[in-house]
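The values are calculated or read from the model by the stated rules, or taken from the named source; none is laboratory data. Note that the coordinates shown come from a computational prediction; the quantities given were computed from them, not determined experimentally. Note: ideal-geometry Cβ built from the backbone for every residue, glycine included; neighbour counts use all protein chains shown.
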Amino acid sequence: MRIPRRAVVATVTGLLMAAGLAPAALAQTRAAKPLKIIVYGGSGNIGSRIVNEAMNRGHAVTIVDRNPKAIEGPHAHHVKLVKGDALDPKDIAKNAAGQDVVISSVIVRPAPTPDFSLRVVQAMVEGLRTQAGPQKTRLLVVGGASSLYDADGKRLIDSLQGEVPNEVSGAVLALDWLRTVNDLSWTFFSPPRSISPGTRTGKFRLGTEQVVVDAEGKSAISMEDYAVAMLDEVEKPQFVNKRFTAGY
């Protein structure tokens, strides 16, 4: 008797989960509807993980960077590399033509100016606004945690001591400005306090304005799981024209 593949996968997954060994590979499912996704800054630490997650879900991905780098993986040959400028609205409009989603993962540390992140977001919006017709390419932004609120209702940036780095203040400016945009679809994704390379578990909690912390008060997520949450939002939008966050 032939056993359906779906039943085999379900059985193996159940056994692994019972043993505490739920595999990331089995949790990563192919998208029901492949999308055309362009990732500015897709060669960076977070951007490359977003590209990898999108690629493995079966989406058509384009990396745009000043110096785009090829990534590895079984589907890497499907990823297109384009040299581009995230501060040039005309270049953005050209590259975004025919795309379903633009993800801005342009992260520069230290940022050259306090308004660098703001200028990137403004260029993205300006470029997408030039698209003809009412349906414009959706924009998702890799944001910062500094604009999130703690349990006392205080923004994290207001609790920082000493000189605030340009990239921190710039992320706050970018979100504040983006909230004024109502003529295209955008989403701003703030990570928790700590984000670093790690493991893809697919298990995290979502939030909106308040930083997500665990039972011990820690606020963290791996870059891999951040990418999972980003692609979940791409495929099934929950936070249109809003900010959201995620953490363990």
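Within the stretch 26-56, the only residue that satisfies the criterion of being surrounded by 18 or more Cβ atoms within 10 Å (Cβ to Cβ), assigned to a strand (DSSP E or B) and not β-branched (Val, Ile, Thr) is Tyr40. State all residues of the stretch 189-236 that are assigned to a helix (DSSP H, G or I) and farther than 20 Å from Val168 by Cα; if no residue qualifies, say none. Matches in the stretch 189-236: Glu224, Asp225, Ala227, Val228, Ala229, Met230, Leu231, Asp232, Glu233, Val234, Glu235.
A quick yes/no check of all residues on (1) of a type outside the set (A, V, I, L, M, F, W, C); (2) at pLDDT 95 or above; (3) part of a loop (DSSP other than H, G, I, E, B):
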{"residue": "Pro110", "(1), (2), (3)": "yes, no, yes"}
{"residue": "Gly127", "(1), (2), (3)": "yes, yes, no"}
{"residue": "Val168", "(1), (2), (3)": "no, no, no"}
{"residue": "Thr187", "(1), (2), (3)": "yes, yes, no"}
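Residue-level analysis places Ala151 among those that are assigned to a loop (DSSP other than H, G, I, E, B) and farther than 23 Å from Ile63 by Cβ. Which condition number does Pro114 fail, the rest of (1) within 18 Å of Ser190 (Cβ to Cβ); (2) in a loop (DSSP other than H, G, I, E, B) being met? Just one mismatch for Pro114, condition (1). Test Gln99 against the stated conditions and say whether it is part of a loop (DSSP other than H, G, I, E, B), closer than 23 Å to Asn241 by Cβ and at pLDDT 95 or above. Yes, satisfied.
Is there any pair with a first residue in the stretch 193-209 that is among the aromatic types (Phe, Trp, Tyr) and a second that is in a strand (DSSP E or B) and surrounded by 16 or more Cβ atoms within 10 Å (Cβ to Cβ) whose Cβ atoms are under 8 Å apart and which are 6 or more apart or on different chains, and what are they? What qualifies is Phe204/Ile221; Phe204/Ala246; Phe204/Gly247.
Among Ala54, Ala86, which is in contact with a Lys or Arg (Cβ under 9 Å, 6 or more places away or on another chain) and hydrophobic (A, V, I, L, M, F, W, C)? Lay out the reasoning, then the answer.
Numbers: Ala54 fails: in contact with a Lys or Arg (Cβ under 9 Å, 6 or more places away or on another chain).
Exactly one residue qualifies, and that residue is Ala86.
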